[in-house]
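The values are calculated or read from the model by the stated rules, or taken from the named source; none is laboratory data. Small disclaimer: the values here were computed from a predicted structure and weren't measured. Please note: Cβ atoms are built from the backbone with ideal geometry, for glycine as well, and neighbour counts cover all protein chains shown.
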Amino acid sequence: MNLPLRRGQLVAITEDVIDFENEHVFVIGSKGRPPRLVPLNATATKVLKAMIEDNQLPFPVKDFRKRWQTALRNAGINKKGGTREENYHFHDLRSYFASELIRRNTNPLIVQNLFAHSDMSITTVYAQTEDKLLLEAVKRLDGLEIEPI
């Protein structure tokens, strides 16, 4: 959840596409978009270094989707035979990542570029705003003297 990648991009990561010195990873293209550089934060860097130490890159899992679903069911997160709305999916990590960036006041244009979205409307689908943040936003206007137009 510290990288804005699709499942295929994540499992395609190999040690040779990671540049720890410049803090980025070169990911394969997806959805008609070209390959690109994605910045790495400290958490992603730590995890990737640990995976390299444990010989876990490239991802050793051939049936990722099946193992992902099994792990979620075993953890009690997903229900067997549950609906799309009930169950968590790998792609939901992208929504979480975008939402967390927005909650931390990241410029939406930066979020759009991180996700390689061609249009801001696509980014807004991922970035769900909480009611609490909406309330905080309007409260910023409390006490302002507004002159009539």
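Filter the range 10-35 down to residues that are surrounded by 16 or more Cβ atoms within 10 Å (Cβ to Cβ) and in contact with a Ser or Thr (Cβ under 9 Å, 6 or more places away or on another chain), then give me how many there are.
1
Give me a count of the residues in the range 111-128 that are in a helix (DSSP H, G or I), more than 22 Å from ILE28 (Cβ to Cβ) and not hydroxyl-bearing (Ser, Thr, Tyr).
Initial filter on the range 111-128 (in a helix (DSSP H, G or I)): 111-115, 120-126.
Right, trim to more than 22 Å from ILE28 (Cβ to Cβ) and you get 120-121, 124-125.
Next, from what is left, pick out any that are not hydroxyl-bearing (Ser, Thr, Tyr): 120, 125.
Number satisfying all stated conditions: 2.
Just checking, how many residues over the range 80-132 are basic (Lys, Arg), farther than 21 Å from GLY32 by Cα and surrounded by 14 or more Cβ atoms within 10 Å (Cβ to Cβ)?
Filtering the range 80-132 for residues basic (Lys, Arg) gives 80, 84, 94, 103-104, 132.
Now restrict to residues that are farther than 21 Å from GLY32 by Cα: 80, 84, 103-104, 132.
Now narrow it down to the ones that are surrounded by 14 or more Cβ atoms within 10 Å (Cβ to Cβ): 103.
Residues meeting the conditions: 1.
Determine the pairs where a residue that is farther than 15 Å from LYS62 by Cα, located within the range 6-22, has a partner that is of a type outside the set (S, T, N, Q) and assigned to a helix (DSSP H, G or I) with Cβ atoms under 6 Å apart, the partner being 6 or more residues away or on another chain.
GLU15/ILE52; ILE18/LEU48
Against the definition (small (Gly, Ala, Ser), surrounded by 13 or more Cβ atoms within 10 Å (Cβ to Cβ) and closer than 18 Å to GLU100 by Cβ), how does ALA44 come out, yes or no? If you could, list the steps in order and put the result at the bottom.
Values: small (Gly, Ala, Ser): yes; surrounded by 13 or more Cβ atoms within 10 Å (Cβ to Cβ): yes; closer than 18 Å to GLU100 by Cβ: yes.
Taking the combined requirement at face value, the residue satisfies it.
Please list, ordered by residue number, the helices (runs of 4 or more DSSP H) wholly in the range 1-99 having 3 or more residues that are under 23 Å from LEU114 (Cα atoms) and under 14 Å from the mean Cα position of the chain (by Cα).
Values: elements: 7-11, 42-53, 64-74.
The qualifying helices (runs of 4 or more DSSP H) are 7-11.
Within the range 13-49, which residues are among the aliphatic types (A, V, I, L, M) and touching a strand residue (DSSP E or B) at 6+ places or on another chain (Cβ under 7 Å)? Lay out the reasoning, then the answer.
Restricting attention to the range 13-49, the residues satisfying the condition of being among the aliphatic types (A, V, I, L, M) are 13, 17-18, 25, 27-28, 37-38, 40, 42, 44, 47-48.
Result: ILE13, VAL17, ILE18, VAL25, VAL27, LEU37, VAL38, LEU40, LEU48.
For the structure I just gave you, tell me whether PHE59 is among the hydrophobic types (A, V, I, L, M, F, W, C) and in contact with a Phe, Trp or Tyr (Cβ under 8 Å, 6 or more places away or on another chain).
Details: among the hydrophobic types (A, V, I, L, M, F, W, C): yes; in contact with a Phe, Trp or Tyr (Cβ under 8 Å, 6 or more places away or on another chain): no.
So PHE59 fails the test.
So if I check each of ASP142, ASP119, ASP131, ASP92, which one is over 24 Å from GLY8 (Cα atoms) and modelled with pLDDT of 85 or more? I'd like the intermediate steps shown before the answer.
Working: ASP119 fails: over 24 Å from GLY8 (Cα atoms); ASP131 fails: modelled with pLDDT of 85 or more; ASP92 fails: over 24 Å from GLY8 (Cα atoms).
That would be ASP142, the only listed residue that is over 24 Å from GLY8 (Cα atoms) and modelled with pLDDT of 85 or more.
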